[in-house]
1. What single numbered condition from (1) surrounded by fewer than 17 Cβ atoms within 10 Å (Cβ to Cβ); (2) over 23 Å from SER138 (Cα atoms); (3) modelled with pLDDT of 95 or more fails to hold for GLU4?
2. Find all pairs meeting these conditions: Cβ atoms under 6 angstrom apart; at least six residues apart or on different chains; first residue within the range 96-123 and free of Cβ contacts under 8 Å to residues at least 12 places away in the same chain; second residue surrounded by fewer than 22 Cβ atoms within 10 Å (Cβ to Cβ).
3. Name the pairs: first residue in the range 128-155 and more than 15 Å from THR113 (Cα to Cα) and among the charged types (D, E, K, R), second residue assigned to a helix (DSSP H, G or I) and at pLDDT 95 or above, Cβ to Cβ under 6 Å, at least 6 apart or on different chains?
4. Take LEU100 and tell me if it is of a type outside the set (Gly, Ala, Ser), in contact with a strand residue (DSSP E or B) (Cβ under 7 Å, 6 or more places away or on another chain) and either assigned by TED's automatic domain parsing to the domain that holds VAL25 or surrounded by 21 or more Cβ atoms within 10 Å (Cβ to Cβ) (or both).
5. Quick one: how many residues across the range 162-174 are within 27 Å of GLY102 (Cβ to Cβ) and in contact (Cβ under 8 Å) with a residue 24 or more places away in the chain?
Amino acid sequence: MTDEIKLVLFDMDNVLCEYDRGKRVACLAELAGSTSEFVHKAIWESGFEFLGDSGALNAEGYLRGFGERIGYSLSLDEWVEARRCSMKADLAMLEIAGHLRGSVDIAVLTNNTTLVSDHIDTLLPELRPQFGTRIYTSAQFKAAKPDPLCYRLCVSELKAKPENVLFVDDLAENVTGARKAGLHAHHHTSVETFRQALSGYGLPEGY
């Protein structure tokens, strides 16, 4: 390998935390007095969630539209709590990230509305001690993974060069998008395979 990795850019859901969308949907369905199937179709199958991820809707418009689609006037606190209860920190991955921080820069890029970054200390308090302010949502860049523009804008914000960045995501299409943007990319399937990938880039594997 000829390019030196100076930044490791992590996806959040199912990389730095376990994310159970079914649990979130069930929580929302209970609030709305509806069914999980209805909520899933209204938000995820309809393409509405992508409007939030891509920044086509601002936070206020996203929250209002979310409630309209599930037929319930959802408060911000309720939205945050439904998201929070579906997330559990992956302590092994966070430990590796903390170990990497001694050698390279680290940051987070997640496909999400800005509500996630605004409320990350409630949603996943384990993230801030490792990543500080370097926690970005796709909506901030008005583009969502796997659009190469999303990665390029994030890398530019971090004052890095694509060829010096290793991106880590659990979705194959997002890994492909990162490579199209000129980044190195690892398809995350387990902590052990991630450690092996780091070794291949000459980076510390953690413990």
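1. (3)
2. As it stands, the answer is ASP121/ARG128, since those pairs meet every condition given.
3. If the second residue must be assigned to a helix (DSSP H, G or I) and at pLDDT 95 or above, the pairs left are ARG128/ASP121.
4. Values: of a type outside the set (Gly, Ala, Ser): yes; in contact with a strand residue (DSSP E or B) (Cβ under 7 Å, 6 or more places away or on another chain): yes; either assigned by TED's automatic domain parsing to the domain that holds VAL25 or surrounded by 21 or more Cβ atoms within 10 Å (Cβ to Cβ) (or both): yes.
The answer is yes for LEU100.
5. Residues of the range 162-174 that are within 27 Å of GLY102 (Cβ to Cβ), as a first pass: 162-170, 174.
Okay, now just the ones that are also in contact (Cβ under 8 Å) with a residue 24 or more places away in the chain, so 163-170, 174.
Number satisfying all stated conditions: 9.
The values are calculated or read from the model by the stated rules, or taken from the named source; none is laboratory data. Here the structure is a predicted model, which means the values were calculated and not measured. Here Cβ is always computed from backbone atoms with ideal geometry, including for glycine, and neighbour counts include all displayed protein chains.
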